[in-house]
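In what follows, a structure is listed as structure tokens, so that the remarks can point back to it.
The values are calculated or read from the model by the stated rules, or taken from the named source; none is laboratory data. Computed from a predicted model, the values in this text were never measured in an experiment. Counting neighbours? That spans all protein chains shown, and the Cβs are built from the backbone with ideal geometry, glycine included. Surface areas here come from the heavy atoms of the whole protein model, side chains and all, with no ligands, DNA or RNA. Shrake-Rupley method; radii C 1.70, N 1.55, O 1.52, S 1.80 Å.
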Amino acid sequence: MDKQSNLRLILAVAISFVVIVVWSKFFAPEPPVRETKTQTTQQVDSVNNAVPQSAISNDNVTQSNSDMKGIPPSIPQHKEQLVYIESKDFDMDIDVFGTITQVYLKADKYTQPHQEGIFTHIGRLFGMVSGENKKLDRLPLLANNVPLYPLQMIFADTNYAKKANEIKYSADKTHIILKDKSETLTLTQDLGDLVVRKIITIEPNMTYKVQIELSKPTHYVISNGMRPNADAESYVFHGVLLQKSNGSIEKIEDGDAKIEGQNFDDALYIASVDRYYTSLLFNIDKPLSLTIGAFGKGLPRPFINVNTTTETLHGYIGPKDYKLLESINQHLTSVVEYGRITFFAKYIFALLDFLHKYIGNWGIAIILLTIIIRIILFPLSFKGMVGMQKLKELAPKMKDLQTKHKGDPQKLQAAMMELYKKHGANPLGGCLPLILQIPVFFAIYRVLYNAVELKNAPFMLWIHDLSVMDPYFVLPLLMGFSMYLQQALTPTNFTDPMQEKVFKWLPIIFTFFLITFPAGLILYWTINNVISIIQQLAINKMLEVKKQKEIEEHTHKKHTQKAKNEQ
């Protein structure tokens, strides 16, 4: 491959990178909007219409998973509050049908206002933007008027299912104040010849244990609920995920669930998730039997199948904080996912989290992470930069070969390869560092978008939230300028004027398209450019010294030979 092809590859990679990132950010399909109806009867009807009537038996018998299919005949939609739990960090509502209808976060991290940009400030100044960017008292995690909530139970027996929709639970406590220890709540529902008890132990860290006791055996399903709806970002995974006992992860995205349902018999947990939050149920010691059906537009409705009179499950509703999930159970850390690049991004986050542990500032941790990555990639970067310099020095000879073998591409290619071999040059050497940077960039990009730890994380001065754009566009402009300087220092030898023009426009293109990306990501890119500039200056100086030394040695050798000839 000649130099021209090499430059074309660099341009193709760079432009493709911009297209992929921009498409993913602005044009990727959004998950379906959850449909909500104001009338309770309309909500139940919409569920009933999607259910094959043959899937539910009219007899009071236990049914198999394949019969039940995880698609209940009806779901109660009464939201009359029965129990109110409050603590320092969260509040929780439980309704008269034994379901968790709302969880509120109260920590400043989740309730403080978003970082506003310069245009919003100008708009407020001139009265073009109304309202105030106020701090919330508390952040509700679950959407209102959805057809499925955590701990919702549905009986396979239609007689019990009908009664369960009409008869309310009673509670031994209606108001609980959590302090430093757990509190236990008992809910009871009397269905005549069947009595249901839910014994719920709630912990201060938003985890809970529920023990379900039936007075007689009958098949039912219980749900972890539909996904939280506290974050509006669409460029992330929304839906249900589960981990099997063999460690593999299954994901069912909003819009992809199947009406006929899917069965999973060895799940360690079931989690409904948005970008930052999750509602999950698990029992690591006893794999779960799951059936996941669909509401309208393929929205997942997850259920755990239960056939025993006593069942114990553990639950959690809250932020996908890695350390908290790890403290609950190591398996739950896989709930934190970064898309298709999770396998790599999770290690990037682990390193970033490790640095933050000792530094206390996510912005400085990102800077150190960038330095570490560049140190790891330095051998390849060094080789690529030296290779580019060699190709620049060979440019006159390459041009001569192009003139000599004009019209004969095969001979030109053979001559080029011979030239590269003779001088130890690699036409692809300059591309490798760029190609290796792309997965790192995407991994950091997804970490900054998905890690709730970085939400409202300040850096310094005007950067109050590294997970959103720089409000004054300072970092993007610095990134573009540093990219321009790096480009100016990088050896190039364009033979195609159009390629040269596109190459020169890349800093402006990147600045324009990345200007709304998270400030943390732009910080990484800017520091990466600065390190590249320093490396390129050092390599240019080193090669200049080396070249000067070679000239001096050649001159000395020439003078020595001349002196010998004169003698």
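Annotations
- Total residues in the range 159-196, condition assigned to a helix (DSSP H, G or I) and more than 19 Å from Thr308 (Cα to Cα): 2
- Qualifying positions in the range 320-363 - more than 22 Å from Lys244 (Cα to Cα) and in contact with a helix residue (DSSP H, G or I) (Cβ under 8 Å, 6 or more places away or on another chain): Ile348, Phe349, Leu351, Leu352, Asp353, Leu355, His356, Ile359, Trp362, Gly363
- Of all residues assigned to the range 460-476, none qualifies as being more than 21 Å from Ile367 (Cα to Cα), part of a helix (DSSP H, G or I) and at pLDDT 80 or above.
- For the range 348-394, the candidate set comprises residues that are surrounded by 14 or more Cβ atoms within 10 Å (Cβ to Cβ) and either on the phi > 0 side of the Ramachandran plot or among the hydroxyl-bearing types (Ser, Thr, Tyr) (or both); within that set, the residue that is nearest to the chain's Cα centre (by Cα) is Thr370.
- Unmet criterion (only one of (1) under 19 Å from Ala107 (Cβ atoms); (2) open to solvent by 10 Å² or more (accessible area, probe 1.4 Å)) for Thr312: (1)
- Residue check, Ile199 at negative phi, part of a strand (DSSP E or B) and open to solvent by less than 10 Å² (accessible area, probe 1.4 Å): no
- Count of the range 78-96 residues, restricted to those that are open to solvent by less than 30 Å² (accessible area, probe 1.4 Å), in contact (Cβ under 8 Å) with a residue 60 or more places away in the chain and in a strand (DSSP E or B), is 5.
- Residue selection: Thr308 fails the criterion of being at pLDDT below 95 and under 16 Å from the mean Cα position of the chain (by Cα).
- Any hit, the range 395-417, residues being surrounded by 15 or more Cβ atoms within 10 Å (Cβ to Cβ), outside any helix (DSSP H, G or I) and at pLDDT below 75: no
- Matching residues, the range 205-232, being under 27 Å from the mean Cα position of the chain (by Cα) and open to solvent by 40 Å² or more (accessible area, probe 1.4 Å): Asn205, Asn229, Ala232
- Residues satisfying the stated conditions in the range 185-242, i.e. among the hydroxyl-bearing types (Ser, Thr, Tyr) and at pLDDT below 90: Ser234, Tyr235
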